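*Asks:* One structure is given below, represented as structure tokens, and several questions about it will come after.
Here, each number is a calculation from the coordinates, and none is a lab measurement. Remember, it's a predicted structure, so these values are computed and weren't measured experimentally. Reconstructed Cβ throughout: ideal geometry from the backbone, glycine too, with neighbour counts over all protein chains shown.
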Amino acid sequence: MEFDLTNLTPDIRKLSDLKNVVFDRKWFETADDDDLYFMYRGLEKKDELRYDITVIPAKILGNEYNKTKGHFHVGHFQELYIVLEGNAIFLMQKLDENENIIDVYAVKAKKGESVIIPSNYGHITINPDKEKELKMANWMCDICKSDYSLFEKMHGACYYYTLNGWVKNENYKEVPELRFENPLKEVPQDLNFLK
């Protein structure tokens with residue numbers, strides 16, 4: 001699906017919106033409140049599903065690659081992401097009832113590949129490139145709501161992706177070793193699993 005985003009007005013996440021989840025706190029204190037990413041929501045609707053596009057420019061946040069704020073879905077919803085341009089890392093983490101991380105994995109995806117966010121996994125998306133912007137689309141249930149509170153409380157996901165590689169977030173009591181999964185090479189044709 002192709003959309004001309006030129007004349008559309010996105011929702012914009014600024015650095016100040018990510019103040020509680022940025023790894024490099026010292027850098028943040030003196031950084032300009034730049035635009036970090038752009039969300040074009042509801043570009044297409046099909047049945048109960050919504051199609052969005054998010055653009056994450058190539059930026060370095062102190063010592064960390066540009067990323068989304070991170071959220072959990074309220075309820076047992078899944079989400080499908082498709083990389084349209086650039087490269088992405090999708091980091092997913094699952095909690096138990098005591099807010100301990102019981103699983104964490106990352107999926108590296110490039111143009112044309114897709115990733116399913118499983119239900120009950122919080123997730124962030126990272127643009128791991130210093131030069132190319134990341135443009136990605138997602139399909140999700142239109143009534144799905146996002147909860148950002150745990151990521152804010154814990155100062156980000158359980159891992160940060162920095163210029164020096166992966167760094168564990170010390171605000172979590174225990175963090176399993178990060179594992180990696182492969183992306184889907186094709187977009188699923190039947191999206192009913194998202195409802």
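*Asks:* Normalised by the empirical 2.2 N^0.38 Å for globular proteins, what value does the Cα Rg of region 12-182 take?
*Replies:* So region 12-182 has a normalised radius of gyration of 0.97.
*Asks:* Alpha carbon centre of region 106-131 versus region 1-67: separation in Å?
*Replies:* Using only Cα atoms, the two centres lie 14 Å from each other.
*Asks:* Express in nm, to one decimal, how much length is gained between Lys145 and Ser119 on full extension, taking 0.36 nm for each residue of separation and deducting their alpha carbon distance. Spell out each step's value before the answer.
*Replies:* Working: separation 26, 0.36 × 26 = 9.36 nm, distance 1.25 nm.
Value of the extension gain: 8.1 nm.
*Asks:* Can you tell me which of 99-108, 61-70 comes out highest on packing, and rank the rest after it, using the mean Cβ neighbours within 10 Å?
*Replies:* Values: 99-108: 16.7, 61-70: 21.3.
Output ranking for 99-108, 61-70: 61-70, 99-108.
*Asks:* Percent of alpha carbon pairs in region 103-154 separated by more than 19 Å?
*Replies:* Percent of Cα pairs beyond 19 Å in region 103-154: 41.
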